[in-house]
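**Student:** Quick one: structure below, then a few questions.
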């Protein structure tokens, strides 16, 4: 995680290098003189379209489940697919809590998404492909 005194700068890969994504990112980059050597952590951001599609599908599925809302369904899917943060308690027992989707990498979320869709089919026999087609306008450059 970047430190507060060193803000993150989001870049886009272009032919021949990287370019700032927004005016803010350009401003952050401009704080460093030309010729400054910077260490760049290469990490792909999650596709916002795939994330929107995930919540769209959960919204369609939740009425057919015992869960009161999409957040509760998401937490259950995270745990049932093994995406948990395990904590050792003071008594020596382990506590599994759903992992944070926001902390997943692009690749981790893509894998989790496919596992969650398979789990929905396995438990409730709901073919999420129909909802994926309905929500395709939410998708951008994700290859699904």
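Just so it is clear, none of the values below were taken in a lab; they were calculated from the coordinates. Keep in mind it's a predicted model, so treat the numbers as computed, not measured. Cβ atoms come from the backbone with ideal geometry, glycine included; neighbour counts cover every protein chain shown.
**Student:** Which one of 16, 82, 110 has the biggest mean-square fluctuation once the chain is modelled by GNM with Cα springs under 10 Å?
**Tutor:** 16
**Student:** Measuring from a point 7 Å past the Cα of residue 10 along Cα-to-C-beta, which residues in the stretch 100-128 have an amide N at less than 18 Å?
**Tutor:** Answer for this model: 101-110.
**Student:** Compute the acute angle (0 to 90°) between the alpha-carbon long axis of helix 106-124 and the principal axis of greatest extent of the alpha-carbon atoms of the chain; round to the nearest 10°.
**Tutor:** Tilt of helix 106-124: around 10 degrees.
**Student:** Please compute the contact order of the chain in relative form: average sequence separation of alpha-carbon pairs under 8 Å and at least six residues apart, divided by the residue count, as a percent. Let's see the in-between values first.
**Tutor:** Numbers: 122 pairs, mean separation 35.7, N = 144.
Contact order relative to length: 25 percent.
**Student:** May I ask for the distance between the Cα centers of the stretch 79-111 and the stretch 40-60, given as a whole number of Å?
**Tutor:** Cα centroid of the stretch 79-111 versus Cα centroid of the stretch 40-60: 18 Å apart.
**Student:** Same structure again: Tell me what the chain gives for mean residue ellipticity at 222 nm when only DSSP H runs of n ≥ 4 count, each as -39,500 (n - 2.57), the sum divided by the residue total, rounded to 500 deg cm²/dmol. Please list the in-between numbers first.
**Tutor:** Working: 5 runs with 58 residues, N = 144.
Helix-only estimate at 222 nm: -12500 deg cm²/dmol.
**Student:** Something else about it: Let me know the whole percent of all Cα-Cα pairs from the chain that are separated by more than 26 Å.
**Tutor:** Numbers: 4405 of 10296 pairs.
Value for the chain: 43 percent of Cα pairs lie more than 26 Å apart.
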